[in-house]
1. Specify which of the listed residues (GLY31, GLY36) is small (Gly, Ala, Ser), surrounded by 14 or more Cβ atoms within 10 Å (Cβ to Cβ) and either touching a residue at least 60 places away in the same chain (Cβ under 8 Å) or assigned to a loop (DSSP other than H, G, I, E, B) (or both).
2. Mind checking which residues of region 1-22 are more than 13 Å from ALA40 (Cα to Cα), free of Cβ contacts under 8 Å to residues at least 12 places away in the same chain and not in a loop (DSSP other than H, G, I, E, B)?
3. Tell me yes or no: at least one residue of region 173-192 is under 27 Å from GLY44 (Cα atoms), within 16 Å of the ligand (Cβ to nearest atom), among the charged types (D, E, K, R) and modelled with pLDDT of 85 or more.
4. Within region 117-146, work out how many residues are at pLDDT 85 or above, among the aliphatic types (A, V, I, L, M) and surrounded by fewer than 17 Cβ atoms within 10 Å (Cβ to Cβ).
Amino acid sequence: MGNFNEHYEAGKSAAIIAAVAGLVITLNGGGDIGEGVIVAAGVGTVVLGTSLLPDIDHQASKPREAAGRFGVVSVVAGILGLVLFAPEIVDQLGLIVSTFGINGAPSSLGLGVLLIGGIVLLASGGEMFDSLTTHRGFTHSLPFVGLIGVIAVLVTWHLSSYGGILAVFAGQNGVLVGIAAVIGVLVHLGVDSK
Ligand SMILES: [Zn+2]
């Protein structure tokens with residue numbers, strides 16, 4: 001199991017490699033050097049950040065009851081917040097679902113995914129919080145890797161809609177950030193498995 005410094009050093013090395021890869025991919029895809037540098041910086045930062053992320057469960061030593069209550073509130077607030085303040089993320093979730101051949105308006109499909117996800121989260125909450133509060137539990141699992149990857153893509157696409165420098169991360173470059181997040185968490189798991 002790695003300590004913070006081991007994770008930081010491994011994350012830093014992976015971030016540099018990922019940044020160079022991000023630059024090369026962007027230039028190959030016809031982007032200019034400015035776009036390449038922004039993508040490289042974004043990808044590198046995300047790899048470093050997510051390589052440290054799984055150990056957030058170190059701090060989760062509160063009693064289960066309090067954690068459970070916090071969990072319920074954050075699941076409900078999270079769904080409400082997305083619907084109210086970031087409806088385009090709900091739409092994008094719906095679009096992902098519709099690629100699996102399910103028909104319907106993106107916004108209702110997305111809301112359906114959120115509601116089902118929320119119910120599953122609440123129903124399995126007790127066990128999940130037990131594993132969340134144990135180091136190398138949920139945040140050290142492959143489902144967490146996938147979850148972080150999807151969240152990273154959706155958040156990046158959302159941020160890109162604000163325009164400016166962030167506009168670079170629309171479309172395919174947003175997916176690169178998602179891949180960077182997956183790589184970061186995997187680097188963390190790799191260090192822990194030694
Ligand atoms: Zn760890």
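1. Numbers: GLY36 fails: either touching a residue at least 60 places away in the same chain (Cβ under 8 Å) or assigned to a loop (DSSP other than H, G, I, E, B) (or both).
Criteria check complete, one pass: GLY31.
2. Within region 1-22, the first condition is being more than 13 Å from ALA40 (Cα to Cα), and the residues that meet it are 1-13.
Narrowing further to those that are free of Cβ contacts under 8 Å to residues at least 12 places away in the same chain: 3, 5, 9, 13.
Correct list: ASN5, GLU9, SER13.
3. Scanning region 173-192 turns up at least one residue that is under 27 Å from GLY44 (Cα atoms), within 16 Å of the ligand (Cβ to nearest atom), among the charged types (D, E, K, R) and modelled with pLDDT of 85 or more.
4. Number satisfying all stated conditions: 1.
The values are calculated or read from the model by the stated rules, or taken from the named source; none is laboratory data. Note that the structure is a prediction, hence the values are computed from the model and not measured. Here Cβ is always computed from backbone atoms with ideal geometry, including for glycine, and neighbour counts include all displayed protein chains.
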